[in-house]
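The values are calculated or read from the model by the stated rules, or taken from the named source; none is laboratory data. Quick caveat: nothing in here was measured; it's all calculated off a predicted structure. Virtual Cβ from ideal backbone geometry, glycine too; neighbours counted across all protein chains shown. Each accessible area value is taken on the protein alone, full model and side chains, heavy atoms only, with ligands, DNA and RNA left out. Shrake-Rupley method; radii C 1.70, N 1.55, O 1.52, S 1.80 Å.
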Amino acid sequence: MLSRWMSGSSRNLDREYNCTVRLLDDSEYTCTIQRDAKGQYLFDLLCHHLNLLEKDYFGIRFVDPDKQRHWLEFTKSVVKQMRAQPPFTMCFRVKFYPTDPAALKEEITRYLVFLQIKRDLYHGRLLCKTSDAALLAAYILQAEIGDYDPGKHPEGYSSKFQFFPKHSEKLERKIAEIHKLELSGQTPATSELNFLRKAQTLETYGVDPHPCKDVSGNAAFLAFTPFGFVVLQGNKRVHFIKWNEVTKMKFEGKTFYLYVSQKEEKKIVLTYFAPTPEACKHLWKCGIENQAFYKLEKSSQVRTVSSSNLFFKGSRFRYSGRVAKEVMESSAKIKREPPEIHRAGLVPSRSCPSITHGPRLSSVPRTRRRAVHISIMEGLESLRDSAHSTPVRSASHGDAFAAPGRSSRAESSERVAVIADENYSPADSVLPTPVAEHSLELMLLSRQANGAPCSIEEEKESEAGTPAAAEEAGGELRALCPGTGSLGEAQAEQVNKFVLSVLRLLLVTFGLLFVLLLLLIILTESDLDTAFFRDIRQTPEFEQFHYQYFCPLRRWFACKVRAVVSLLIDT
């Protein structure tokens, strides 16, 4: 029986699991891993496949069955982190955006970052004004199709490409004009480099939005960038806090706290509410990792962080990689022949298509499309027009907080950084990549309402062929329409959390007292004669306690018990 159990255990340890990792160009890398394989092993396999040395900027992302995104932790087993059943599906993504992407040592690294930012642009995470959007799209055109050729590129050729969540004819004409007149002669590498230089100047560069609500119940997106912590509402950036001003981050349940200390010794605590406790924990872990990567001078300064001040409560987490300064120093030492780059070209992407084909159809009646469009736009208007009850920052990274409550709403709205205009708003950034039938239909309706071409056949192919597409969603649809009574719910939730904390403290206190009482009874009443108990019993302090306090207390307690028993017998 023992041999059978041992053989079964060895088979479990030797079991292999299939992993599929979707890369930034939408190609797929498939491999098998052992049960005890760490995340670092899988990541090293990917980097070897990509011939990538500057790998600290990247990570592997996966989505659990509850549609919550996670970054794969390299120090833990892959199988233990995956809650889904094998085969496992993950995505290779940029985790830490370079502070200056144009300064990356190798072209292969710049190309991968270019693909990530191109994806951010398409999914509405990189927001910008129309003029900037046209230039970025023109750089993509030049990198993928080369110089303008009248014989190959007829009138309106830029309209066949899908760069943004929504398009307009004016924007398409501007893209084609820049491509024709300004970018001729640029190689793909040069166009990608110029694209990175322009994207790095935008307010939402490096933003991976986490949908939340503020204390007033207004929908917002929290994000961590190479420069600090940002809060986005609608098409505006209402907060920017540098990393050296962030003193602490913690979470309790669905509540996320950010502690800020400024130069004038002004301390601020920003409070936001995530959709679920799991989403809040993911937000907290992303903040801890980003602050460590961008703020610290060396990885030896990394410390384990707890989400609570009490030792028996909360989560503990430690960033395990190198910091940005160490990565740059290591990159400067790279000396090898530049690896060959296989660019995707015009191959259509399933989640971020470069070019679309076929007629544009709709399977939903016009009246139903209009009803859904109205409901979506109402939610967006409430998101854009929401009042800001907390201090806001201006567009500059170095500006201080503007004092709240001293001016009208019109004046306060002028202080926020407008990151997109009416022709390019973040409307589609709050809609998820389809993961189910109803999500697919909603994405189609929104794209058509905003004027963006979208093929039903393409979207269904994306849903059926790419289970990893769910990682682009992030649960952002829940932030469309903020619910009523959020402030009262938040207060009730805070009271409940306080009561639970007090009860937990009392429970732990009584547990410790019970353990101490049990140990005392064993020392005084039991016949155990181990060396540990014998040493304690022979101490003068214990003998004094035993004869002066414990024995009288035992006699008094026994007397009371006998009196109660005799009273019960008499009655």
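Solvent-accessible area assigned to carbon and sulfur over the stretch 493-539 amounts to 78 percent, based on a 1.4 Å probe. A crude spin-label estimate for the pair residue 544 and residue 509, with each label 7 Å from Cα along the Cβ direction, gives 2.8 nm. Looking at the stretch 505-544, the accessible area is 80 square angstrom per residue; that uses a 1.4 Å probe and ignores ligands, DNA and RNA.
Per residue, the stretch 209-332 exposes 41 Å² of solvent-accessible protein surface, assessed with a 1.4 angstrom probe and all protein chains in place.
Legend: residues 183, 520, sorted from most to least accessible area (1.4 Å probe; ligands, DNA and RNA excluded), read 520, 183. The accessible area of residue 198, taken with all protein chains in place and a 1.4 Å probe, comes to roughly 50 Å².
Sorting 323, 495, 502 on solvent-accessible area from highest to lowest, probe radius 1.4 Å, gives 495, 502, 323. Here residue 49 sits with roughly 100 square angstrom of accessible surface, probe radius 1.4 Å.
For the stretch 148-194, the carbon plus sulfur part of the accessible surface works out to 50%, probe radius 1.4 Å. Within the assembled protein chains, the solvent-accessible surface assigned to residue 328 is about 120 Å², based on a 1.4 Å probe.
Rolling a 1.4 Å probe over the protein heavy atoms of the stretch 209-332, with every protein chain left in place, gives an accessible area that is 49 percent carbon and sulfur. For the stretch 218-336, the Cα-based Rg and Dmax, in that order, read 15.6, 51 Å.
Entry comment: accessible area of the stretch 16-94 is 44 Å² per residue, from protein heavy atoms only and a probe of 1.4 Å. For the stretch 505-544, the alpha carbon positions stretch 34, 19, 15 Å along the principal axes, listed from largest to smallest.
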